[in-house]
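None of the figures in this text is laboratory data; all of them are computed from the coordinates on show. Nothing here was measured: the structure is a model prediction, and the numbers come from that model. Because the Cβ atoms are built from the backbone with ideal geometry, glycine has one as well, and the counts that use them run over all protein chains shown.
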Amino acid sequence: MALNTSTIISIVFLAAMPFLGGILMGVDRRLTARMQNRMGPPLIQPFYDVLKLWAKEPYIANNIQPLMAFMYLGFAMLAASFVAFQLDLLLMLFTTALADICLIVAAFSAKSPYSYIGGRREFLVMLSYEPVLLLVEIAISLVTGTFIIKGIRAYETPLLLLLPAAYVVMQVVLVVEMKKSPFDVSGSAHAHQELVRGVYTEFSGYTMALVEVGHWVKVVTMLAIVGLFWAPNPFIGTALALALFVGAILIDNVYPRLSWQRMLKTTWTIGFGLVIVNLLALSFGGVI
Amino acid sequence: MAIYGQTLVALTVGLPVVSGLASLVLPGKTIRSVLVSVTALVLIGSSVSLLGISEFTYNPGHIYETAVLVLDFALLFYFLYVGMKSKSLPVIGLSLLQLVPVAYFEFVLHGVKVENILLVDRLSVFLVLIVNVVGSVVVVYALSYMEEHEHHLQLKESRQGRFFFFMLLLLGAMNGMVYSNSLYWLYFFWEITSLCCYELIRHDGTAEANTNAVTALWMALIGGVAFIGTMFVGYYTVGSIALTKIMTAQLTPILLVGFAFLALAAFSKSAQFPFHSWLLGAMVAPTPVSALLHSSTMVNAGIYLILRIAPALKGTYLSLVIAAVGAVTFTLTAILAIRQKVSKRVLAFSTIGNLGLIIMCAGINTSLSYTAAVILLFFHSISKGLLFMGAGVVENRINSRNIEDWEGLIGKLPFTTTVMLVGMATMFLPPFGMLLGKWVAVDAIISTPLAFALPIIILICIGSAATTFFWGKWLGYLTVTPMTAQKQVKETLPTPYRFAMMGLLAVSIVFSAGAPYIINNFVNPLIGEAYKLSVTSTLMEVNTGIGSFLVGPFWIATVAMVLLGVMITKKKGGVIVPAYLGGENVPEKPLMFFTTADGEAEASVSTVMLQSEIDEASLNKFAVIIGVLLIIVMFLVEVI
Amino acid sequence: MGLIQKSQLKSPWVLHFDCGSCNGCDIEILAALTPKFDLERFGIVNIGDPKQADVLLVTGPANKRNHRVLKNLYNQMPQPKLVIAVGTCACTGGVFHNCPNVLGGVDNVVPVDVYVPGCAVRPEQIIDAVVLALNKLAGLAQSEEEE
């Protein structure tokens, strides 16, 4: 691989992803606080949290758990690199699933009832957003004829104009991915403590720091995919992604948590329904 | 060269039969072990040697033709006898439905004459490789398993001779089947696999085993009847029952009906809806039987047939219906697998589902989808063989088939559980071969017209999410490790177990990592016979023109990540702390907590089944109804 | 002050344990987390999981039923950690002093870093206590550096 400009940009983007994610989480906490009429923590609060966690006394549940926590971050980064280097979108989705499995195995391996139930719910979360995201990606490639992000970006018409419903569906996916209410059954940082910390319960110190950064990377990756909806102009694309980001925070603050059954029903009906209608419309319009 | 090829063909078909007979006759455990091991080695060796052979046809001669004829009638009379003995109307009816037409076909029409009885091409060689490599490993594994099994049952007299006879016969019949160009010979070997399957399912002789074996038999006999339908169609329209002639003939509605019959036979063998119940019932047999049926033989016969006829059906509605049957099966079984409690039932549903996926790919019938089907077939055989062997060992060790008893198994059986974990990962996670196949399949679907693709896309989206769910939850459940098990027990296993499991595990990983090589050297030449090539693969990547799967970098990244992870976590180290149990942990007992009145209880977790959300009975009914409807549509669609 | 130490001071996550208080102090702790006082300004999060907590807020007197839970939660918190006794009961046993089954202040069970008297304490006091505890943490760290 020759070290040309675009490769350097890709590497820089990949390296910047965790930091972007951290800042975004800071923005999230700040915005949430403002919506609740509070001041909120500093913008770089997430970095303080992670650094603090990293330096804490290492408490682990067993010898597999730390490795799995690291693999969660690792595969999240690998999935992110598919976006950064503009490679295969479908493979990115499968890699994200792999990262999730690592997280769940880490949670399960502790044999703690709380993290175990959190992990089970994490599976249900995967079950509710994965097929929908897969469908959105397939819709994108049906329009553009390729799964490779470089090819999708080269498509001339902005995807938002052709797939507006898929964009709306991405809002749902993003809420699930960010573990926000109403879809935060598996574990959250908020006052819902019936499962203590859900899937995160048994992480502590540096394992928690790894998982936290992994989560940031996943959110940024998802936002980058939203950005594809207006690929010809990256600024509009970024704006679209940020709009969904703010939308997710708004939804988080407005809606109470749903049970997993209703989460599944909601994501599947909205997700499948909207994308199918959109595809049929495009088909009748002769676009695909 | 031709002699060399013919020898290999004779060896792969004849040797299993001969050594099967020998194991039936010769007494003694040592002789049998040596016999089976040597046969396995020769089979693997000759199937690998066959890869170097170019396509050739072959006529074994009159004696063999007569022998096949006589044996076929003997077989049909035996089925009739089985039907009478078990008072099973379907078996009697279906055997008569074969006996009479076959007699008419042979003695009145003299229709079984075919110029080239055997045809060895890329597809058959590929299938032979799968059958013999995976099959042989399973048979070697069975050596240990049957010892333990009979020890458990406390049999006075060993019945292993009979067992290995049918196991080896099944391998031989499978090999014979994939070489056959004559429909009659194909039909004959097909019926032998049905026989072996019947005999192996009822091997333990319990009432349940007998019932399930009869069910499996009559479902398999439907396939036999369908074959005869095709033979008549072939005879009256093309004037020959050679597959090569039928495949290249001008497609007429009548001929399409003939192909529909073959598809029906394939569905019955591959346990597609509505025939899925026999494969679920087959798990009463000793586990090596399941391992053999699910991975390399029996169900693969149906897949082979579909793959064989698919190129002739390009662009027909029949092909689309075949795809629909596969897609529906894939999705519904994935959902049903979530709620299964019995380990082998989960595996069985996964087998049926994956076969559905393969059949769907073959039905979509483009170059890309056909590639996906072949890749899936290859990797599915390896992984499923591995998983069944692991499940069998676990079953013999913990005396339970219920996966709720598998909690934290990695603490109790570290070696076997690791094999199972990797086996499960190879079924649904990147960067393993099965996922590569699924990935190609998705690429294939989106390159078809939307009106057809949309329903299939939705089925695939739901099905693959459900697949991730049921594998993931099971995989996770095995790793629920009690802290006390940190000092892991050392697991002792007999050599054949270790050899078989390590062997397939290594094969699975090496071939997954070398997937581009496999595609270049084995899959693409096979596709090239019928389609224009659409997948290009270099050492590092597999490219479909729609997407690119970076196999090499993915593996390198994964390995690097594991090494880095081990380094960092080693450096960070850590103190092992008991789980959070609301602060009520019992000191010195990491899994216990104080309950009311200072009682002590162990914290335990149960696996998630969604028992109340998924209604198995009505889903099953729905599956049968939709299966029957689709088959009716399959025959009606020719009229269009 | 290093980056890590700054982070430790900027991000105290709190575990709240009620040893059997009258709930007066508990409500004040919750009040401190509401928008009016907004503890999150200082990076304080009510985490509820000892394995991720830095500060243990204890209300109510230690007693014979739950001292082992308190001890266990304390043991499950990784270093560096701080304990704040919130309210008179937690400091000395308060009105429950010398009652049967009551052991007295929580310092009978776990080492306490900051005592917050009051019945019930005010949210401002709780915030002040956390700041004091963090100062103690910073001081400790500095003296270690000097050595």
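Observations on the model:
- Net +/- balance of residues flanking A:Gly247 in space, Cβ distance below 15 Å, scoring K and R +1, D and E -1: -2
- Separation of segment C:12-35 from segment B:63-82 is 84 Å, based on Cα centroids.
- Local electrostatic count at B:Val542 - Lys and Arg +1, Asp and Glu -1, tallied over other residues with Cβ under 15 Å: -2
- The trypsin sites (Lys or Arg not before Pro) of segment C:53-128 that DSSP puts in a loop, and whose beta carbon has at most 16 other beta carbons within 10 Å, are C:Lys64, C:Arg65.
- Amide proton proximity set for B:Glu407, modelled H, under 5 Å, gap of 5+: none
- Inter-centroid distance (Cα atoms) of segment C:92-126 relative to segment B:192-246, Å: 82 Å
- Between A:Met35 and B:Met540, the modelled label-to-label distance comes to 4.3 nm, taking each label 7 Å out from Cα in the direction of the beta carbon.
- Taking the C-alpha atoms only, the angle from helix B:414-428 to the longest principal axis of chain B is near 60 degrees.
- In the structure shown, the pairs B:Lys473/B:Lys589; A:Lys150/B:Lys344; B:Lys384/B:Lys490; A:Lys218/B:Lys438; A:Lys218/B:Lys473; B:Lys245/B:Lys384 are assessed against 32 Å; a Cα-Cα span above that value is assigned to A:Lys150/B:Lys344; B:Lys245/B:Lys384.
- About the Cα centre, charge dipole magnitude for chain C (Lys/Arg +1, Asp/Glu -1 at Cβ), debye: 440 debye
- Rounded to the nearest 5, the antiparallel percentage of DSSP beta bridges internal to segment C:13-146 is 10%.
- Here the Karplus relation 6.51 cos²θ - 1.76 cosθ + 1.60, evaluated at θ = phi - 60°, turns the backbone of segment B:193-208 into coupling constants of 4, 4, 4, 4, 4, 4, 5, 6, 5, 8, 4, 6, x, 6, 4, 4 Hz, with x for every Gly and Pro.
- For B:Phe56, distant residues with modelled amide H under 5 Å away: B:Val120
- Relative contact order (percent, whole number), chain C, Cα cutoff 8 Å, 6+ residue spacing: 25 percent
- Sorted fewest first by neighbouring Cβ atoms within 10 angstrom, A:Arg257, B:Arg202 come out as A:Arg257, B:Arg202.
- The stretch between B:Val38 and B:Lys589, if pulled fully straight at 0.36 nm per residue, gains 193.2 nm over its current Cα-Cα span.
- Residues with amide H under 5 Å from that of C:Asn46, placed H, sequence gap 5 or more: C:Val14
- Counting lysine pairs in segment C:13-146 whose alpha carbons fall under 19 angstrom apart, excluding pairs fewer than 8 residues apart on the same chain, gives 4.
- Rounded to the nearest 20, the Cβ-based charge dipole of the protein assembly as shown about its Cα centre (Lys and Arg +1, Asp and Glu -1) stands at 340 debye.
- If R0 equals 35 Å, the separation of the Cβ atoms of B:Phe73 and B:Ala10 corresponds to a calculated FRET efficiency of about 0.90.
- DSSP beta bridge pairing in the protein assembly as shown, given as percent antiparallel to the nearest 5: 50 percent
- Within-13-Å neighbourhood charge of C:Asn63 [Cβ basis; K, R +1; D, E -1]: +3
- Helix A:113-144 axis, angle to chain A major axis (alpha carbon atoms, nearest 10°): 10 degrees
- Full-stretch length increase - B:Met609, B:Glu157 - with 0.36 nm per residue and alpha-carbon distance subtracted: 158.6 nm
- Distance between modelled label sites at A:Leu242 and A:Glu194, nm, 7 Å Cα→Cβ extension: 3.7 nm
- Footprinting exposure proxy for C:Asp54, B:Asp72, C:Asp38 (fewest neighbouring C-beta atoms within 10 Å first): C:Asp38, B:Asp72, C:Asp54
- Estimated FRET transfer efficiency when R0 is 51 angstrom, pair A:Lys150-C:Thr34 (beta carbons, to 0.05): 0.55
- Distance from the alpha carbon centroid of segment B:501-532 to that of segment A:71-130 works out to 28 angstrom.
- Helix A:164-177 and the longest principal axis of the C-alpha atoms of chain A enclose an angle of approximately 10°.
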